[in-house]
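K.L.:
Have a look at the structure that comes next, please.
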Amino acid sequence: VPFLVRWPGTIPAGKTDNSPMSFLDWLPTACSLAAVPYKESSIEGENFSDVWLGGQERKRDRPLYWNKEGGGDYAMLSQSGEWKLHFNVDGRWELYNLKYDIEENKNLVQCEPTKAKHMKTKLREWTKTLPSVYCRSKRCKSAKFGKLDRGKDLEGSCTDYEEYMSSDGFVPVEGFPKPAIPPVEANRDDST
């Protein structure tokens, strides 16, 4: 999710960064910037203050995992932020290369079986660390992690995959839609 950070005299102005951050990373980053001690092992996020203070883009120290409201919808983002694995509530696996397909239009779970298998293993390991019951409001749900072992890979075509992956990500190849860019209106007046 895009965001802005402003702290004149401390955070360099005009810098754009694509490090794979999550909202979970805000707490440890803010604590670090404010020199507030915290126990790293008790916080899921990572400290990205080095990047905010002008450092280079970087990978995550560890993958990012999430579970939607304790239901059966799980996902993980690779350390590089390039790969996203998603397990849907209906039992389907999806794998996307976000570097080339930010809109998640082309499922690569069958085209990248080694990557998919590695990420599935990591996601399964993470789910074993979660509580068995989630509570939200007055309603409690049992977590159904066993579904991860019975998930099915979504069918997909690997046609033109190699060509697409070697492109800059915006070359319109069949099966890989070009990002939608709204047309500029010819008679639009931007002076107001």
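The values are calculated or read from the model by the stated rules, or taken from the named source; none is laboratory data. Here the structure is a predicted model, which is why all the values come from computation and not from measurement. So basically every Cβ, Gly included, is an ideal-geometry build from the backbone, and we count neighbours across all protein chains shown. Accessible surface is based on the protein model in full, side chains and every heavy atom, while ligands, DNA and RNA are left aside. Shrake-Rupley method; radii C 1.70, N 1.55, O 1.52, S 1.80 Å.
K.L.:
Looking only at the range 99-137, count every residue that is in a loop (DSSP other than H, G, I, E, B), among the basic types (Lys, Arg), surrounded by 13 or more Cβ atoms within 10 Å (Cβ to Cβ) and modelled with pLDDT under 90 and tell me the total.
P.N.:
Taking the range 99-137 as the starting set, the residues that turn out to be in a loop (DSSP other than H, G, I, E, B) are 99-112, 128-132, 137.
From the residues that got through so far, the ones that are among the basic types (Lys, Arg) too are 99, 106, 128.
Next, from what is left, pick out any that are surrounded by 13 or more Cβ atoms within 10 Å (Cβ to Cβ): 99, 106.
Imposing the further condition that a residue be modelled with pLDDT under 90 reduces the set to 99.
Here the count works out to 1.
K.L.:
Tell me which of these ALA13 doesn't satisfy, since it passes every other one: (1) surrounded by 12 or more Cβ atoms within 10 Å (Cβ to Cβ); (2) in a loop (DSSP other than H, G, I, E, B).
P.N.:
(1) is the only condition that ALA13 fails.
K.L.:
Mind checking whether some residue in the range 57-79 is open to solvent by 80 Å² or more (accessible area, probe 1.4 Å), closer than 22 Å to THR127 by Cα, part of a helix (DSSP H, G or I) and not aromatic (Phe, Trp, Tyr)?
P.N.:
So far as the range 57-79 goes, no, none of its residues is open to solvent by 80 Å² or more (accessible area, probe 1.4 Å), closer than 22 Å to THR127 by Cα, part of a helix (DSSP H, G or I) and not aromatic (Phe, Trp, Tyr).
K.L.:
Additional query: Just checking, how many residues over the range 17-44 are without any contact (Cβ under 8 Å) to a residue 40 or more places away in the chain, in a loop (DSSP other than H, G, I, E, B) and farther than 18 Å from PRO63 by Cα? Full working, then the answer.
P.N.:
Kept after step one, since they are without any contact (Cβ under 8 Å) to a residue 40 or more places away in the chain, are these residues of the range 17-44: 21, 23, 25-44.
Next cut, in a loop (DSSP other than H, G, I, E, B) only: 21, 34-39, 43-44.
Then keep just the ones that are farther than 18 Å from PRO63 by Cα; that gives 34-39.
Here the count works out to 6.
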